[in-house]
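Following: one structure in structure tokens, then a few remarks.
Nothing in this text is a laboratory measurement; each read-out follows from the coordinates by a stated rule. Note that the coordinates shown come from a computational prediction; the quantities given were computed from them, not determined experimentally. Don't worry about glycine lacking a Cβ; one is built from the backbone with ideal geometry, like all the others, and counts go over all protein chains shown.
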Amino acid sequence: MSTPWDKAASTFRSDLAAAVPTETLRALHKIVPWRHALIVLRQLVVLVAAVIVILAYSDLWYAWVPASIVIGFVIFDFTVLVHEVVHEVVVADRKSAWHRVLGHLYALPSGLSCSQFTRWHLDHHDHLGTDDADPKRHYLTPKIVTRSYKALYLTAALFPIYFRAARAAARDYPADLTRRIAWERRAAILLHLAIPALLWWQLGYMAALQLHLLPVFVVFPVAFTLNRLGQHYDIDPEDPAQWGTVMRPSPLLWDRIFLWSNYHLEHHYFPRVPMYHLPALHRALKPFFDERKMRRRTYGGLLFDWLVRNRTPHTRW
């Protein structure tokens with residue numbers, strides 16, 4: 001059944017087809033499970049290394065502070081891994097049990113319900129560009145356009161804001177889905193209560209602070225909000241092809257930090273391209289972007305527009 005986004009995208013699909021040759025597009029859609037596994041392994045190695053640094057140098061702020069920041073971004077990146085599961089691009093078999101198992105495992109570190117994230121995110125794809133049917137735009141985008149309120153999204157206040165939005169979006173979900181979401185959320189909450197309690201009991205309050213509380217409640221909101229600024233806040237409402245933000249490639253920094261989720265508009269064009277192929281997709285789409293004079297943004301520039309210039313989300317900045 002045609003969705004609002006399908007209808008809107010029909011206005012530029014032929015231009016996309018002309019920009020990216022069929023063979024190139026077929027190669028970009030190829031799912032390589034071992035690449036996904038290596039990315040997960042890399043994330044775990046980085047996480048373990050940061051934990052070791054904190055345990056070894058817990059009294060040196062210039063060692064443990066960067067390590068806590070790293071942990072916070074690794075935790076955020078589990079939401080990107082959930083996103084891969086939602087689009088069923090971890091393994092080639094879309095119905096594989098791996099997608100279900102990994103989805104729940106990836107969701108726990110960031111406190112998400114995999115079931116709700118799946119419904120929420122797919123609704124976002126289907127209804128991109130609408131004011132009321134896109135749950136991200138309708139429930140999560142700040143309606144109070146002031147610097148002080150926007151700044152709350154960079155703090156632990158993000159959690160009640162997000163869960164209030166998720167609860168509002170779930171009002172019309174089927175009862176069985178609502179029950180499943182509730183159980184998954186309880187499990188995530190229990191985990192995030194148990195981890196700092198265990199750390200405090202075994203290693204002291206500083207270990208709980210450095211290894212869990214600061215990464216989750218201070219760093220994660222910054223990572224989440226910064227990543228979201230690069231999605232659909234600076235757009236051209238009159239051109240469906242520009243209902244997302246084109247981010248400037250950053251192979252040595254943001255590509256690695258955000259696991260290529262900074263190529264968000266490209267993902268909406270072709271949602272079943274795995275994350276590790278998105279930089280190549282961006283390069284293939286360069287003629288399309290240039291033809292439409294779509295400017296590349298940076299996170300620093302978006303953050304300046306967001307907080308200093310106080311731009312309204314989902315408008316042309």
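Toward the positive end of the charge dipole of segment 77-172, with +1 on the Cβ of Lys and Arg and -1 on the Cβ of Asp and Glu, the farthest Cα among Ser148, Ala169, Thr79 is that of Ser148. Working note: 222 nm ellipticity from helices only, DSSP H runs with n ≥ 4, each -39,500 (n - 2.57), summed and divided by the residues of the chain, gives -18000 deg cm²/dmol to the nearest 500. Remark: spin-label model distance Leu303-Arg272 equals 3.7 nm, labels positioned 7 Å along the Cα→Cβ axis.
Give, as a single signed number, the net charge of other residues whose beta carbon lies under 13 Å from the beta carbon of Ala182, with Lys and Arg counted +1 and Asp and Glu -1.
+3
Can you return the lysines within cross-link range of Lys30? Criterion is Cα-Cα under 25 Å, with same-chain partners fewer than 8 residues away left out. Excluding near neighbours in sequence, the set is Lys95, Lys286. On a straight-distance basis, which lysines could pair with Lys136 in a cross-link, Cα separation under 21 angstrom, same-chain partners fewer than 8 positions away excluded? By straight Cα distance, Lys136 reaches Lys7, Lys150.
Counted by neighbouring Cβ atoms within 10 Å, the residues Met247, Met275 run from fewest to most as Met275, Met247. Once the Cα-Cα distance is subtracted from the 0.36 nm per residue extended length, the His314 to Tyr149 segment shows a gain of 57.7 nm. Among Asp93, Asp176, a tally of other beta-carbon atoms within 10 Å of each Cβ gives an order, fewest to most, of Asp176, Asp93. The alpha carbon centroids of segment 42-99 and segment 142-208 are separated by 18 Å. Between Ala182 and Lys30, the contour length at 0.36 nm per residue exceeds the Cα-Cα span by 51.2 nm.
This ranking places Lys286, Lys150 by how few other beta-carbon atoms lie within 10 Å of each, fewest first, which gives Lys286, Lys150.
Stretching Leu16 away from Asp131 to a fully extended chain increases their span by 38.9 nm, per 0.36 nm per residue minus the current alpha-carbon distance.
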